[in-house]
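Worksheet: the structure to be examined is printed underneath.
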Amino acid sequence: MHIVHSVAELRKHLASAQHPAFVPTMGNLHAGHIALINQAKPLGDCIVASIFVNRLQFLPHEDFDSYPRTWENDCAQLKAAGCDVLFAPRENDLYPEPQVVKVHADPALADILEGHFRPGFFTGVSTVVMKLFMAVFAGKAQGSAVFGKKDYQQLLVIQQMVRQFALPITIQGAETCRDADGLALSSRNGYLNDSERAEALYLSIALRKLGQNAQVFANSLQAHLPDLEDKAIEGLRKRGWQPDYLTVRRRSDLRAPQTGDALVVLGAAKLGNTRLIDNLEI
Ligand code: PAF
C-alpha cells in the first residue's frame, strides 16, 4: 500500500489507474470502514482510501481536537484489507489557504435533521468531499466511491452533489455494520463507558419500534407520525438520553412521507457526552 500526503503525489500514483474506487474516511477505522473497502474492491482498478479529519465539518464546541486519531492501526487495517493507495493529506495539503469557496448543498436536504442540529455540517462535508474527489478523480473518465448508509443524509447529499455537478463518479451506499447486539459501528462508540455502551443499543431498538409502529399506520401516516415520533423521543428521554430527533422520512429526499413511499427511520441522540446517530430502512 502506498501512503501519500500531497495531491501531487496522489495523482502520480494514480496516473495509470483508469477507474479508481475511493473510500473517504476520517480514520479511527473499524469493521464498518473495512466493509466499505471490500465493497469498493470490485468497482475499480485501484482502491484508494483517505484519512482526513476535516475541521470544516465540526462546530466549534464539537470534538475536532479529541476525535480519535489511530494512525498505525488504521494503516495496518487498510493494508490487510488490500487498499492500494492511502491518501492522508495534512491540513495544509487540502487547505493551503482558508477555504472561502465552498459547496453549499440544497438547504431542503442539508438544513434538516443533522444539518439542523449541526449547522454548516453538510457544507463542510460537501466541500471536503468535492476536494477529495478532485484529488482522486481529476482526469479520469469514470470512478466510483463508497459511502456508508450509517450516515444516510450524508449519502443523499453526496449523491445529489455528484448528480448536480455531473461528476463522472458512481456513488454506492454500503449497509451499516452492527455489533452483535445491534449497535451500529461508529468511531464515536469509543467514547462510551461500559454502562453507556450497554445502553447505546436502545437507539436502534427505539428506531425499530418506531418503524414497526409507522408500518401499522402505513395508510394514514401523516395523521399518526407526529404522535409516534413524540412517543419514541419521550421513551429515550426517560432512559436518560437527550434525543435530537427520531423520525420517519421518505428515503429519496428525507421529506415527510406520503402513503406508499419507501421509508427510512432516522435518529440522533446524546448519551452522556456522546452523540450517536443511526437509521433503519423499513
Ligand atoms: O463520513 C465521514 O467519515 C466524513 O464525513 C467524510 C465523508 C470522510 C468527509 O470528511
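List of remarks:
- Each Lys and Arg Cβ is given +1 and each Asp and Glu Cβ -1; about its Cα centre, the chain then shows a dipole of about 320 debye.
- 222 nm mean residue ellipticity, helices alone, for the chain (DSSP H n ≥ 4; -39,500 (n - 2.57); rounded to 500): -11500 deg cm²/dmol
- Per residue, the average separation of C-alpha pairs within less than 8 Å and at least 6 apart gives the chain a relative contact order of 17 percent.
- Eigen-decomposition of the gyration tensor built on the alpha-carbon atoms of the chain gives equivalent ellipsoid semi-axes of 33, 21, 18 angstrom, largest listed first.
- Computed over the Cα atoms of the range 84-166, the ratio of the radius of gyration to the Kirkwood radius (Rg/Rh) comes to 0.96.
- Ranking Gln99, Gly27, Ala135 by how far each Cα lies toward the positive end of the dipole of the range 27-151 (charges on Cβ) leaves Ala135 at the top.
- Orientation-averaged projection of the range 227-282 equals 4.0 nm² [convex hull of Cα atoms, one quarter of hull surface area].
- Of Leu59, Val4, Asn273, farthest towards positive along the dipole that unit charges on Lys, Arg, Asp, Glu beta carbons give the chain: Val4
- Whole-number percent relative contact order across the range 186-256, with pairs defined as alpha carbons under 8 Å at least 6 apart: 26 percent
- Sequentially through the range 93-107, phi angles give Karplus couplings (6.51, -1.76, 1.60; θ = phi - 60°) of 5, 8, 10, x, 9, x, 7, 8, 8, 10, 9, 9, 5, 4, x Hz, Gly and Pro residues having no value and appearing as x.
- Given charges at beta-carbon only (K, R positive; D, E negative), |dipole| of the range 1-80 in Debye: 280 debye
- Computed on the range 60-130, with alpha-carbon pairs under 8 angstrom and 6+ residues apart, the relative contact order is 24 percent.
- Counting Lys and Arg as +1 and Asp and Glu as -1 over every other residue whose Cβ lies under 12 Å from the Cβ of Leu201, the net charge comes to -1.
Bear in mind that the values in this text are calculations on the coordinates, not laboratory data. These figures come from a predicted structure and were not determined experimentally. Virtual Cβ from ideal backbone geometry, glycine too; neighbours counted across all protein chains shown.
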